[in-house]
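Please read the structure below before turning to the comments.
The values are calculated or read from the model by the stated rules, or taken from the named source; none is laboratory data. Here the structure is a predicted model, which means the values were calculated and not measured. Neighbour counts are summed over all protein chains in view; Cβ atoms, including those assigned to glycine, are modelled from backbone coordinates with ideal geometry.
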Amino acid sequence: MLNRVEILRFQLVGQRAESRLGSSYDEIVRGSSIKNLLLQLDVWPSSFRQVEVNGGLKHIQPQIKKTLRKQIDRLHAAVDDVKFDRHELRILVRRTRYLTEAFPELSPLSRDAAKSLKGLQSALGAWHDHYQWCQKALVETDLRPLEQAWLSSATTALEKAETQLVGLAQLLPKLSGKKKLP
């Protein structure tokens, strides 16, 4: 929710959006959840490295490889299916990209394929954001003046994503087994 409001802030004029954003920030900053999260994030890298140094991650490498193969097989099926829901595709691309970035040495994706995933995720993300804003404009009348611009941007982003899908399909490694839809 905060991300959407923050983005809309730059496109809307008026105090209404500013006050909503300000109160959301205050809630987050004062909350114990954010403090706990930041503490955990500070500790995590050293803990993870310690486990890695002690050889504690070797037993999970086969599971990571298996998960990556499954994600890529699902991605193959989704890319080959023109009727596959683009929102679901966006999520699948994001998961595959993040897994590949987290474990590049275990991923069968080439650097070009990983780069293509990043571009596709960006285009699908832009489409999804603009689509969601258009949906919000149906409910919030103060957003309606921006609806046509958002609709145009959503269409352009989706067209870009469709073009990038063709390139990604050529870069994906061969399937590990039977194609499976997510």
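Quick test for you: out of Leu168, Leu109, pick the one residue that is assigned to a helix (DSSP H, G or I), under 30 Å from Gln61 (Cα atoms) and either among the polar types (S, T, N, Q) or within 20 Å of the chain's Cα centre (by Cα) (or both). Give the steps one after another, and end with the answer.
Numbers: Leu109 fails: assigned to a helix (DSSP H, G or I).
None of the others qualify; the one that does is Leu168.
Got a sec? Which of Lys66, Lys58 is within 22 Å of Tyr98 (Cβ to Cβ), out of contact with any Cys (no Cβ under 9 Å at 6 or more places or on another chain) and at pLDDT 90 or above?
On inspection, the qualifying residue turns out to be Lys66.
Considering only residues of segment 73-109 that are at pLDDT below 95 and of a type in the set (Val, Ile, Thr), which is surrounded by the most Cβ atoms within 10 Å (Cβ to Cβ)?
Thr100
What number goes with the only condition from (1) over 19 Å from the mean Cα position of the chain (by Cα); (2) surrounded by 14 or more Cβ atoms within 10 Å (Cβ to Cβ); (3) among the aliphatic types (A, V, I, L, M) that Val139 does not pass?
Of everything listed in (1) over 19 Å from the mean Cα position of the chain (by Cα); (2) surrounded by 14 or more Cβ atoms within 10 Å (Cβ to Cβ); (3) among the aliphatic types (A, V, I, L, M), Val139 misses just condition (2).
Could you give me the residue pairs with C-beta distances under 8 Å whose first residue belongs to segment 35-52 and is free of Cβ contacts under 8 Å to residues at least 60 places away in the same chain, whose second residue is surrounded by 10 or more Cβ atoms within 10 Å (Cβ to Cβ) and of a type outside the set (Phe, Trp, Tyr) wherever it lies, and which are 6+ apart or on separate chains?
These pairs meet every condition: Val51/Leu57.
Surrounded by fewer than 18 Cβ atoms within 10 Å (Cβ to Cβ) and at pLDDT 95 or above: is that true of Leu151 in this structure? First the steps, then the outcome.
Details: surrounded by fewer than 18 Cβ atoms within 10 Å (Cβ to Cβ): yes; at pLDDT 95 or above: yes.
In short, yes.
Please work out if Gly31 is outside the structural domain of Arg144 (by TED's automatic domain parsing), modelled with pLDDT under 75, more than 20 Å from Arg144 (Cβ to Cβ) and within 26 Å of the chain's Cα centre (by Cα).
On the way: outside the structural domain of Arg144 (by TED's automatic domain parsing): yes; modelled with pLDDT under 75: no; more than 20 Å from Arg144 (Cβ to Cβ): yes; within 26 Å of the chain's Cα centre (by Cα): yes.
Taking the combined requirement at face value, the residue does not satisfy it.
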